[in-house]
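*Asks:* Sharing a structure with you now.
The values are calculated or read from the model by the stated rules, or taken from the named source; none is laboratory data. Small disclaimer: the values here were computed from a predicted structure and weren't measured. Here the Cβ positions follow ideal geometry from the backbone for every residue, glycine too, while neighbour counts run over all protein chains shown.
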Amino acid sequence: MLKAYIQKCFAEFHARPLDALVFICVFAVGAVGVSVKDVTSSTLALLFLISLWHIGSWKQIWKTLSANERLMLAGLLLFTLSGFLSWFNNADHYEYVKQMGRYLRFASAVPVYLYLRGRSQDLSGWLLAGVAVSGFVYLGFALHSYFINPDLPAASGYHHITFGDAAMMNAGMIAVMLVSMRFPPRLRYVLFASMLCALYASILSQARGAWITLPVYLLLLGVYAVSIRGIKKRMLALALIVVLAALSPMKDVMVKRYHDAMNDINEFVSGEQFATSIGGRLAMWDVALDVWRENPLLGTGLGDYDNDLVRYQQAGRYASIDVHGSVHNIYIQTLATTGLFGFAASLFAIVLLPLRLFSSAAGWDHPLSLAGIVLVLSYALFGLSESWILRAPVVSMYMVYMAIMASSLCRANNGDYRYFFAGSTDRGLADADPDGY
């Protein structure tokens, strides 16, 4: 089956070379993501440009969308609109334009989604195939970075937090494939190894914000495993992941970073120290809330937070912390810079409406639904300690993943990804096999 599918793909590539480019780019987003510069942004730009070529079909495709799909796309447009509205209070026009470029990526996902829904070929298989091998790629970059600078967090291409978040999110999606999809035994072992590699890469990055997603993954997959028949091997796989994490020498890195975080919080609360990693974040959040109170509806304006922080420091508030344009929290960031309107739009566009779509389109236990829920929850949790909405490659990665998986899930045939892996995602077949193989 896999051989026949590959032959079919090559025949289609020969007949439609543009499709071949799209498939390769989508695979690259899953495989290398933010470990190589410009991959995610270039893929989003390519899909956007192709969608403009099909602008004549947008109206007809929009009519075929479900209510949840339309709400999600409208939420993305409203979130972008909140950035435009913040212009009324903006003072730093250069930074405004720079950050608005990130917000426009959310709006660009709307025509991309319409294009994907109107395609005859599905892209989810190529994305998931890239994710399946991403663990080896991310670990390779992490080890290369570690051997060059063993005293620094592992990174590649972009900031180490961006790198660690992407590796962790891909590990969660590979875990979804292992728990919810059927594969030949050898391919299952490869996927399991790739997942462990992605986890190690994230640990080497020392991105603490990514680690808080681990218990969420285990809880979500545990609930899924006990909600269907044939849970023995699935639960065994989850237990093995926990044991390996506990016995891993990398656990010392996680424990150390946890204790460092607790010390930073205690020092901040006691008023003794603010110029620490966690203490600096808490101080910036405190200032950001005061900035929001000055402009509650539309915020201080995109790109103005650093100027406001300097103003508060000159007044004697947190003078020892470094000045950043990022609040290191997407929720407080949008509240301070775009006000209540932007805060509400961010919750609906980035978290609530995508979660509603993924959980209701085909049932939350569908493999693509489960993967989509992992995607949304990951970015929602990353946002607690990182302003990733201001990082262009991270926004592009989220938009590409979400658009491809959501459009595939809402298609009548639910995509061709099962043939790509020469396995099955059919829940009836999984239920019929007590071992899940």
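*Asks:* Which ones in the stretch 292-309 are under 15 Å from PHE88 (Cα atoms) and assigned to a helix (DSSP H, G or I)?
*Replies:* The answer is TRP292, GLU294, TYR305.
*Asks:* So, one more: Just to be sure I understand the filter: pairs with C-beta atoms under 8 Å, separated by 6 or more residues or on different chains, first member in the stretch 160-182 and in contact (Cβ under 8 Å) with a residue 40 or more places away in the chain and surrounded by fewer than 24 Cβ atoms within 10 Å (Cβ to Cβ), second member outside any helix (DSSP H, G or I) and aliphatic (A, V, I, L, M). Which pairs pass?
*Replies:* Cβ pairs passing all conditions: HIS160/LEU152; HIS160/ALA154; HIS160/ALA207; ILE161/ALA207.
*Asks:* Assigned to a helix (DSSP H, G or I), touching a Leu at 6+ places or on another chain (Cβ under 9 Å) and aromatic (Phe, Trp, Tyr) - does that describe any residue in the stretch 43-51?
*Replies:* So the first thing to find is which residues in the stretch 43-51 are assigned to a helix (DSSP H, G or I), and the list is 43-51.
Right, trim to touching a Leu at 6+ places or on another chain (Cβ under 9 Å) and you get 46-47, 50-51.
Next cut, aromatic (Phe, Trp, Tyr) only: none.
Checking the stretch 43-51: not a single residue is assigned to a helix (DSSP H, G or I), touching a Leu at 6+ places or on another chain (Cβ under 9 Å) and aromatic (Phe, Trp, Tyr).
*Asks:* Can you tell me which residue is nearest to the chain's Cα centre (by Cα) among those in the stretch 295-324 that are closer than 15 Å to PHE343 by Cα and surrounded by fewer than 21 Cβ atoms within 10 Å (Cβ to Cβ)?
*Replies:* LEU298
*Asks:* Can you pull out the residues in the stretch 384-429 that are at pLDDT 85 or above and among the β-branched types (Val, Ile, Thr)?
*Replies:* ILE389, VAL394, VAL395, VAL400, ILE404
*Asks:* Would you please list the contacts, defined by Cβ atoms under 8 Å and residues six or more apart or on different chains, that run from a residue in the stretch 185-196 that is within 18 Å of GLY30 (Cβ to Cβ) to a residue that is hydrophobic (A, V, I, L, M, F, W, C) and outside any helix (DSSP H, G or I)?
*Replies:* Hits for this filter: LEU187/PHE421; LEU187/ALA422; LEU191/PHE183.
*Asks:* From the list ALA129, ALA91, pick out the single residue that is farther than 20 Å from ALA45 by Cα, touching a residue at least 60 places away in the same chain (Cβ under 8 Å) and over 19 Å from the mean Cα position of the chain (by Cα).
*Replies:* Criteria check complete, one pass: ALA91.
*Asks:* Taking the criterion of being part of a helix (DSSP H, G or I) and of a type outside the set (Lys, Arg), would at least one residue in the stretch 181-188 satisfy it?
*Replies:* Within the stretch 181-188 (the criterion being part of a helix (DSSP H, G or I) and of a type outside the set (Lys, Arg)), the answer is yes, since at least one residue qualifies.
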